[in-house]
Amino acid sequence: MKLDVLVATALAFAVGSFAGDTMNPSVMENLKFLGRWDHRTSGSCASAPNALVSFNAVTKSVTFDLEGYSRWRFDADGKPLMYFQTSGRTTKKLGAAGDGKVHSYRLIKISESNPGEVCVRNIALDPSGKFAPKPAPSNRRIEFIGDSFTVGFGDEGTNMDPPEMEFDKTDASKSYAFLVADGYKADFQVNAVSGRGLVRNYANIAPGWNLSKLYDYTVAGSASIEANPAVWDLNKFHPQVIVLFMGINDFQGDPPYADRRIFKMAYAKFMNKLREAHPGVKFLLLSTKIWPNDDLTPTIQEIYDEEIAQGHRDLEFKVLQTENVGLLGHPDVRAQQEMANIIRPIVGRLAGWLSR
């Protein structure tokens with residue numbers, strides 16, 4: 001059976017739980033994880049949009065033991081086979097190729113960093129199935145840091161949809177971040193949380209838990225409610241390019257807005273932290289028009305100019321013109337694709353993946 005018709009025939013139903021609560025070590029050695037994951041004896045947990053697990057296998061079906069509130073996309077050879085939702089502890093059996101050949105599979109978390117963590121407790125193939133060697137690491141690596149625009153918040157919705165549809169209308173795999181990374185077949189992380197600014201969050205929600213603080217944790221979606229949240233080790237992933245799309249929420253929503261001087265200092269400090277962690281990394285600084293005062297673009301322009309004046313040649317700056325007709329005034333799927341088309345060649349130049 002051809003993979004492009006499996007969407008219509010894939011099995012998707014709840015089955016009994018796996019025996020035990022420990023990830024089988026023989027399964028783990030065949031899995032490749034992208035994004036930030038906290039690997040525990042009981043499974044692997046994450047919250048970031050587009051956190052994914054991939055593997056190669058010969059199988060007729062794949063059964064996932066999952067926990068948490070999330071939307072998921074299941075791929076074969078890079079093409080979506082099935083979308084589904086979980087809430088609480090769920091076991092999903094999904095149809096696979098079943099043609100006796102090795103195929104590559106991906107389980108992608110396509111929902112928001114909030115409301116908390118999700119966990120992959122186990123993965124099982126059909127009784128006659130077998131794993132092949134896990135996918136090799138890519139020699140291309142990108143990181144995206146930002147807010148709802150980077151998440152892909154509400155990209156499947158419209159301004160006419162009610163706000164409570166944000167969970168159903170967000171597909172992070174249609175965000176510019178995923179599209180750029182996937183197009184380059186790059187390993188990547190998307191460390192983005194809707195409503196959060198670098199120093200000040202939208203309408204001053206969750207004070208103190210801004211992007212600069214959440215960035216330090218492995219599972220950002222639950223860091224604020226955990227007694228001892230896992231701290232992310234920056235040595236686990238060294239991007240060649242980091243795309244920074246921060247600041248929309250610092251200068252939007254109910255005032256008071258962020259102090260531009262404090263924002264600029266925090267931005268420069270954050271970049272220097274990343275430079276120290278990832279020698280040779282390149283940056284793409286993004287901005288867009290915001291309301292009511294449109295303070296973001298001139299502020300990022302000043303940051304860029306000051307970095308250049310200090311002798312840094314590891315960055316570029318781009319202003320995006322976005323059509324925000326998605327849910328709650330966010331970019332929709334078409335706008336996300338347009339942003340990806342603009343960003344893609346800049347990332348390629350910065351990383352040296354394209355001829356100049």
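Read-outs: derived from the displayed coordinates by stated rules, not from any lab. Values in this document were obtained by computation on a predicted structure and should not be read as measured data. Don't worry about glycine lacking a Cβ; one is built from the backbone with ideal geometry, like all the others, and counts go over all protein chains shown.
For ARG89, the residues whose modelled amide H falls within less than 5 Å of its own, excluding neighbours fewer than 5 places apart on the same chain, are GLY68. Computed over the alpha-carbon atoms, segment 224-283 gives an Rg to Rh ratio of 1.05, Rh here being the Kirkwood radius from the mean inverse distance. When its C-alpha radius of gyration is set against 2.2 N^0.38 Å (N residues), segment 292-356 gives a value of 1.36.
For segment 120-148 versus segment 168-241, the spacing of their alpha-carbon centroids is 19 Å. Temperature 25 °C, viscosity 0.890 mPa s: under these conditions the Stokes-Einstein estimate for segment 82-142, based on its Kirkwood radius over C-alpha pairs, is 166 µm² per second. Note on VAL319 and ASN204: the extension gain reaches 38.9 nm, defined as 0.36 nm multiplied by sequence separation minus the Cα-Cα distance.
Relative contact order of the chain, taken over Cα pairs closer than 8 Å and 6 or more residues apart, is 17 percent. Each residue of segment 231-242 was assigned a 3J(HN,Hα) from its phi angle through the Karplus expression (A = 6.51, B = -1.76, C = 1.60, θ = phi - 60°), giving 8, 6, 8, 5, 6, 6, 8, 10, x, 8, 9, 10 Hz with x at Gly and Pro.
What residues from segment 191-210 fall in the zone where the backbone N is under 16 Å from a label point 7 Å along the Cα-to-C-beta line of HIS312? It comes to 198-199, nothing else.
According to the Kirkwood relation over distinct C-alpha pairs, the hydrodynamic radius of segment 189-244 is 12.2 Å. Pairs spanning more than 30 Å between alpha-carbon atoms, out of LYS109/LYS213; LYS93/LYS185; LYS92/LYS273; LYS79/LYS169: LYS92/LYS273. Near GLY247, the amide H atoms lying under 5 Å from its own belong to LEU198; only residues 5 or more places off or on other chains count, and H is placed 1.01 Å from N. Computed from backbone phi, the HN-Hα couplings of segment 81-98 come to 9, 7, 10, 8, 10, 10, 8, x, 7, 9, 10, 10, 9, 10, x, 10, 5, x Hz, rounded to whole numbers (Karplus: 6.51 cos²θ - 1.76 cosθ + 1.60, θ = phi - 60°; Gly and Pro given as x).
Relative to the compact globular guide of 2.2 N^0.38 Å, what is the alpha carbon radius of gyration of the chain, as a ratio?
Working: Rg = 20.2 Å, N = 356, 2.2 N^0.38 = 20.5 Å.
Taking N as the residue count of the chain, the ratio is 0.99.
Under a 5 Å amide H cut-off, with hydrogens placed 1.01 Å from N, LYS282 pairs with VAL241, ILE242 among residues at least 5 apart or on other chains.
Per-residue Karplus couplings for segment 40-53, computed as 6.51 cos²θ - 1.76 cosθ + 1.60 with θ equal to phi - 60°, are listed in order as 10, 5, 8, x, 10, 10, 8, 9, 5, x, 6, 4, 9, 10 Hz, Gly and Pro entered as x.
Spin-label model, SER87/ILE342: points 7 Å from Cα along the beta carbon direction are separated by 3.7 nm. Calculation over all alpha carbon pairs of segment 44-83 in 5 angstrom steps from 0 returns a P(r) of 5, 15, 34, 27, 14, 4 percent.
Each 10 Å bin from zero holds the following percent of Cα-Cα pairs in segment 112-248: 11, 34, 36, 16, 3, 0.
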